[in-house]
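> Here it is: the structure, laid out below.
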Amino acid sequence: MSNTILVGAQWGDEGKGKIIDFLTERADLVVRSQGGNNAGHTVLVGGKKYVLHLIPSGILRAGKMCVIGNGVVIDPIAVAKEIDGLLAEKVKVSPKNLMISDCAHLVFPYHRAIDEQRELAKGKGKIGTTKRGIGPAYGDKAARVGVRIGDLIEPEVFAAKLKVRIKENNAVLKAFGAKPLNYAKVLAEYQAAARKLAPFVANTVVYLHEALKSGKKILFEGAQGTFLDIDHGTYPYVTSSNTTAGGACTGSGVPPHRMDSVLGVMKAYTTRVGEGPFPTENEQISDMLHGLGREFGATTGRARRCGWFDAVATRFAGMVNGIDEIAVTNLDGLDTLPKIKVCVAYKLGKKRLEVPPSDSALLAQCVPIYEDHDGWVTPTEKCKKWSDLPAKARAYLKRIAELSGGKLTIASVGPNRDQTILV
Ligand code: IMP
């Protein structure tokens, strides 16, 4: 494997965790470069389920170095808990296989409280955030008032910075009519987390460049998906980071010319959590998938909204990320359907659109133009290779990859490592 950026080509929850885990076998390092513990990557290893939020899924494979890059926002208490949880499951986590960038920004309880208050104030127009404080944390970073992990491990610097931030944010919380935070309590909790995390903190940019120099292969694991990107997604119904391929460069300090390929992960249908336009949303598919116990969020447990595969969306994802390879996941979710629809274009008024409009309000008015496919109506979960798949399933996969503009390289028919077909 060469240096690969893995991105979600839809609205997140594309099954990236499993594909990352699969590809990690061929990588030396796994790097997370954006987002925070709003993400939830589910990985099944030997029948055991792991849900990772901040720590790269590479941690589940021995001998792989995992890096949380500068572009990530970190709740230090959550990451310390995640480390403890993995240790309790006998997964090795030490500075030998996990490194955290000293430049990564911190998430504080006031970020979560403000996230919640803003959502409440928006009422029906809410974004449907994970309430992990992600937007306010990135807001502070952009406003140049954020506090970084490097500050956290300097006790005096941290205490002084936190004091100022709590004072300012308590005034904001007061304006919302919410409870203020106690400086001493937050300080004590963060100091305890700092003691745990300090050994993991490093200049990860320098480390990654040294790894590149010695020929190591890096997998950049994207969190969330293209349409949740702060610039290219369905704004304002997005997350607050660059979830698209460029985010892997800025969020890690590895330059674009060191990246060799971009793998877009997409489900064989479409899902979305939270509010915002979703042209191919379909109640019957949602009911069918939820009835199978599928499509409940790994972070919040919310039932995901579901719909037909939207090739207008994935075509745009192909452009903005430069996707050259495609992994299609959850093919088995469609196993029982006699007829399957694929959205090939949108109708907006009298116009036919091949890519989504930038304005979310216009996207909400788009009517999908579908092409019909015959379902394979055969279980695929036991298929191990391309030729095991029913002919109709192969035709469907080829068609959605063709419409999305990339080369189909992986098809996934279940959550386990061995339910992964190399095409
Ligand atoms: P936030 O990232 O918590 O601010 O949430 C903003 C939007 O992104 C909401 O619609 C969330 O549901 C969505 N979101 C954030 N993280 C994920 C994820 O990992 N998977 C799917 N949706 C996500």
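> Would you confirm, using the coordinates I've provided, whether T42 is in the same structural domain as A178 (by TED's automatic domain parsing) and under 18 Å from the mean Cα position of the chain (by Cα)?
When the stated conditions are applied, T42 does not pass them.
> If you don't mind, there's one more thing I want to ask. One residue is enough: does the range 354-365 have a residue meeting the conditions of a type in the set (A, V, I, L, M) and touching a helix residue (DSSP H, G or I) at 6+ places or on another chain (Cβ under 9 Å)?
The answer is yes; a qualifying residue exists.
> Another question, if that's okay. Before we move on, is T239 within 16 Å of the ligand (Cβ to nearest atom) and either open to solvent by less than 10 Å² (accessible area, probe 1.4 Å) or modelled with pLDDT under 95 (or both)?
Spelling it out, it is not the case that T239 is within 16 Å of the ligand (Cβ to nearest atom) and either open to solvent by less than 10 Å² (accessible area, probe 1.4 Å) or modelled with pLDDT under 95 (or both).
> Further, regarding this structure: May I ask you to list pairs of residues, at least six apart or on different chains, whose Cβ atoms are under 9 Å apart, with the first in the range 152-168 being in the same structural domain as Q191 (by TED's automatic domain parsing) and the second being loosely packed, with under 14 Cβ neighbours inside 10 Å?
From the range 152-168, the pairs are I153/R195; V164/V145; R165/V145; I166/N182; E168/V145.
> Still on this structure: Restricting to the range 85-117, give me the number of residues that are of a type in the set (S, T, N, Q), more than 14 Å from the ligand (Cβ to nearest atom) and open to solvent by 30 Å² or more (accessible area, probe 1.4 Å). Walk me through how you get there before you give the answer.
Taking the range 85-117 first, the residues of a type in the set (S, T, N, Q) are 94, 97, 101, 117.
Next, only the ones that are more than 14 Å from the ligand (Cβ to nearest atom) stay: 94, 97, 101.
Next cut, open to solvent by 30 Å² or more (accessible area, probe 1.4 Å) only: 94.
Residues meeting the conditions: 1.
> Same structure again: Have a look at A313, A317, A303 and point out the one that is under 29 Å from F220 (Cα atoms), free of Cβ contacts under 8 Å to residues at least 40 places away in the same chain and within 16 Å of the ligand (Cβ to nearest atom).
Criteria check complete, one pass: A303.
> Against the definition (at pLDDT 95 or above, farther than 23 Å from L52 by Cα and away from the ligand (no atom under 16 Å from the Cβ)), how does S252 come out, yes or no?
no
> A further question on this structure: Taking the condition of being touching a Lys or Arg at 6+ places or on another chain (Cβ under 9 Å), assigned to a loop (DSSP other than H, G, I, E, B) and near the ligand (Cβ under 10 Å from one of its atoms), how many residues in the range 1-46 meet it?
Total satisfying the criteria: 9.
> Does I218 qualify as being away from the ligand (no atom under 16 Å from the Cβ), under 19 Å from the mean Cα position of the chain (by Cα) and at negative phi?
yes
> If I filter the range 358-381 down to residues being open to solvent by 90 Å² or more (accessible area, probe 1.4 Å) and over 27 Å from the mean Cα position of the chain (by Cα), which single residue comes out as farthest from G405 (Cα to Cα)?
Out of the qualifying residues, it is P379.
> Could I ask something else about it? Identify the residue in the range 327-357 that is open to solvent by 10 Å² or more (accessible area, probe 1.4 Å) and part of a strand (DSSP E or B) and, among all such residues, is farthest from F316 (Cα to Cα).
Step by step, filter the range 327-357, then rank; the result is K339.
> Pull up the range 79-121, narrow it to residues that are among the hydroxyl-bearing types (S, T, Y) and out of contact with any strand residue (DSSP E or B) (no Cβ under 8 Å at 6 or more places or on another chain), then point me to the one that is farthest from N203 (Cα to Cα).
In this case the residue turns out to be Y110.
> Before we move on, is E82 open to solvent by less than 60 Å² (accessible area, probe 1.4 Å) and within 13 Å of the ligand (Cβ to nearest atom)?
Answer is no for this residue.
> For G139, all conditions in the list (1) crowded, with 22+ Cβ neighbours inside 10 Å; (2) in contact (Cβ under 8 Å) with a residue 60 or more places away in the chain; (3) assigned to a helix (DSSP H, G or I); (4) within 13 Å of the ligand (Cβ to nearest atom) hold save one; what is the number of the exception?
Just one mismatch for G139, condition (1).
> Can you find a residue in the range 56-75 that is within 13 Å of the ligand (Cβ to nearest atom), within 18 Å of L106 (Cα to Cα) and open to solvent by 20 Å² or more (accessible area, probe 1.4 Å)?
No, there is no match, as no residue in the range 56-75 is within 13 Å of the ligand (Cβ to nearest atom), within 18 Å of L106 (Cα to Cα) and open to solvent by 20 Å² or more (accessible area, probe 1.4 Å).
> Give L120, L173 a once-over and let me know the one that is of a type in the set (A, V, I, L, M), open to solvent by 80 Å² or more (accessible area, probe 1.4 Å), at negative phi and part of a helix (DSSP H, G or I).
Working: L173 fails: open to solvent by 80 Å² or more (accessible area, probe 1.4 Å).
None of the other options fit; the residue is L120.
The values are calculated or read from the model by the stated rules, or taken from the named source; none is laboratory data. Quick caveat: nothing in here was measured; it's all calculated off a predicted structure. Counting neighbours? That spans all protein chains shown, and the Cβs are built from the backbone with ideal geometry, glycine included. These accessible areas exclude ligands, DNA and RNA; they are computed on the full protein's heavy atoms, side chains included. Shrake-Rupley method; radii C 1.70, N 1.55, O 1.52, S 1.80 Å.
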